[in-house]
Amino acid sequence: MAIDYAPLHTDPTLPPLLVNLYSDTQTKPTPGMKAAMMAAEVGDEQFGLDPTTNALAERMAALMGKEAAVFLPSGTMCNQIAILTHCRPGDEILAHETAHILTSEGGGAAALTGAQITGLRGDRGLFDADTVRAALRSKSRYSPPQTLLEVEQTANSGGGVVWPLAQMNAVAAVAHEAGMATHIDGARLMNAVVASGVPVKDMVASYDSVWLDFTKGLGTPIGAVLCGSQAFIGAAWRWKQRLGGSMRQSGIIAAACHYALDHHIDRLAEDHTNAKSLVRGLAQLDGIVPEPAETNLVFFDVTATGMTAGQLADKARAKGLALSTTGKYRVRACTHLDVDAAGIDTAIAILRDVLAAR
Ligand SMILES: *Cc1c(COP(=O)(O)O)cnc(C)c1O
């Protein structure tokens with residue numbers, strides 16, 4: 001079966017990139033991060049003998065205010081193992097209709113757990129307590145057992161939007177009352193923490209499991225950490241073993257995560273500032289309608305340019321600017337640690353050229 005991959009790296013005739021706003025996953029490890037990786041103390045992770053990985057799990061559990069944590073290769077594996085651990089075949093998960101687990105994990109919940117996901121509606125990737133209440137089913141032998149509620153902090157497709165704490169707690173309370181577990185997809189959790197000023201422990205307190213990705217804004221090459229109760233993480237470890245996520249000298253990559261915790265959290269504020277200045281620049285361009293930016297994700301509509309998102313992204317890429325497309329007329333630009341204020345100016349100048357050449 002042919003799969004359409006994004007054209008970012010596939011065409012060798014494309015000019016070199018001047019600004020890469022394709023994704024915050026495109027960052028390269030910094031010299032300081034590489035030095036930390038080279039110096040890592042390592043051992044066999046599968047046997048619990050990698051000191052750097054063990055320390056990362058302890059550090060993350062403490063940071064999130066949870067009993068335990070497990071290091072995994074990716075955020076997708078955190079979500080899938082959390083679903084495998086919380087749910088049984090036939091169960092139902094409630095999540096926003098644009099949630100990554102629903103749209104972007106290869107149908108993993110259905111394929112691996114045998115669970116179905118019901119997509120909830122709501123503006124900008126969020127939903128409210130009434131929407132959760134309305135989605136609750138009677139507990140009968142006809143209904144799928146509803147066992148998990150999931151939220152994304154920040155909501156990616158929603159526009160990098162930060163869930164307000166009260167709303168996050170309110171939807172979790174409805175789920176818990178109904179006997180469901182609660183899970184946070186924290187691909188960009190620290191962006192939410194830095195943007196809102198809410199301490200991370202408070203932000204995740206009413207959720208049973210939560211993970212943080214290190215390969216988004218935090219800039220590491222590999223790694224995510226899933227946190228929860230001792231019993232939950234014990235069961236998650238069995239899935240890690242079964243799925244082949246158990247590693248050996250993983251301290252090499254865990255060291256990059258320690259480095260990111262030390263050096264790359266506060267600076268997320270710069271990414272947010274750059275995203276806001278990108279929005280201001282985009283708003284000046286003919287035919288482009290940006291959504292407001294709360295964190296490091298900027299979405300904009302290009303309908304009025306007369307081009308599709310794909311056409312505009314291709315033309316921008318030919319001039320050295322990488323963007324991603326998330327709909328026929330919706331484009332996404334991500335700021336991250338490899339883009340500075342001058343990069344934002346360059347991006348706007350390239351888009352102005354693209355529009356002038358229409
Ligand atoms: C990127 C992302 C994931 C998956 O993380 P990987 O580390 O790329 O597997 C999950 N959820 C959201 C919201 C994401 O943006």
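The values are calculated or read from the model by the stated rules, or taken from the named source; none is laboratory data. Just so we're clear, the structure is a prediction, and the values are computed from it rather than from any experiment. Glycine also receives a Cβ, built like all others from the backbone with ideal geometry; neighbour counts cover every protein chain displayed.
Tabulated results
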item: Search result, residues across the stretch 113-154 that are over 14 Å from H96 (Cα atoms) and in contact with a Phe, Trp or Tyr (Cβ under 9 Å, 6 or more places away or on another chain); result: none
item: Odd one out for W237 among (1) away from the ligand (no atom under 14 Å from the Cβ); (2) closer than 24 Å to A293 by Cα; (3) of a type outside the set (S, T, N, Q); (4) touching a residue at least 12 places away in the same chain (Cβ under 8 Å); result: (2)
item: Entirely in the stretch 29-97, the helices (runs of 4 or more DSSP H) that have 2 or more residues that are within 16 Å of the ligand (Cβ to nearest atom); result: 51-64, 75-86
item: V193 being within 16 Å of the ligand (Cβ to nearest atom) and not polar (S, T, N, Q); result: yes
item: Tally, over the stretch 98-126, of residues that are of a type in the set (S, T, Y) and away from the ligand (no atom under 13 Å from the Cβ); result: 2
item: Residues (more than 16 Å from the ligand (Cβ to nearest atom) and either of a type in the set (G, A, S) or surrounded by 24 or more Cβ atoms within 10 Å (Cβ to Cβ) (or both)) located in the stretch 219-231; result: G228, S229, A231
item: Residue count for the stretch 127-167, restricted to those that are within 16 Å of the ligand (Cβ to nearest atom), farther than 14 Å from H183 by Cα and of a type in the set (F, W, Y); result: 1
item: Residue check for T154: surrounded by fewer than 23 Cβ atoms within 10 Å (Cβ to Cβ), modelled with pLDDT of 95 or more and β-branched (V, I, T); result: no
item: Number of positions in the stretch 98-125 that are among the polar types (S, T, N, Q) and not in a helix (DSSP H, G or I); result: 4
item: Residue tally, condition within 16 Å of the ligand (Cβ to nearest atom) and more than 17 Å from Q80 (Cα to Cα), over the stretch 240-267; result: 8
item: So A57, is it under 15 Å from W211 (Cβ atoms) and either surrounded by 16 or more Cβ atoms within 10 Å (Cβ to Cβ) or free of Cβ contacts under 8 Å to residues at least 24 places away in the same chain (or both); result: yes
item: Selected residue [in contact (Cβ under 8 Å) with a residue 24 or more places away in the chain, out of contact with any Gly (no Cβ under 6 Å at 6 or more places or on another chain) and at positive phi] from G160, G125, G197; result: G160
item: Options L148, L120, L136; residue that is more than 26 Å from A236 (Cβ to Cβ) and either among the hydrophobic types (A, V, I, L, M, F, W, C) or free of Cβ contacts under 8 Å to residues at least 24 places away in the same chain (or both); result: L136
item: All positions within the stretch 251-287 that are surrounded by 21 or more Cβ atoms within 10 Å (Cβ to Cβ) and not in a helix (DSSP H, G or I); result: H264
item: Hey, H336 assigned to a loop (DSSP other than H, G, I, E, B) and not hydrophobic (A, V, I, L, M, F, W, C) or not; result: yes
item: Elements of type helices (runs of 4 or more DSSP H) contained in the stretch 126-244, each with 1 or more residues being within 27 Å of R330 (Cβ to Cβ); result: 129-135, 156-159, 165-177, 189-196
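Residue by residue, here is whether (1) crowded, with 24+ Cβ neighbours inside 10 Å; (2) within 25 Å of the chain's Cα centre (by Cα) holds:
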| site | (1), (2) |
| --- | --- |
| V302 | yes, yes |
| K315 | no, no |
| A322 | no, yes |
| T325 | no, yes |
| K328 | no, yes |
| V331 | yes, yes |
| T335 | yes, yes |
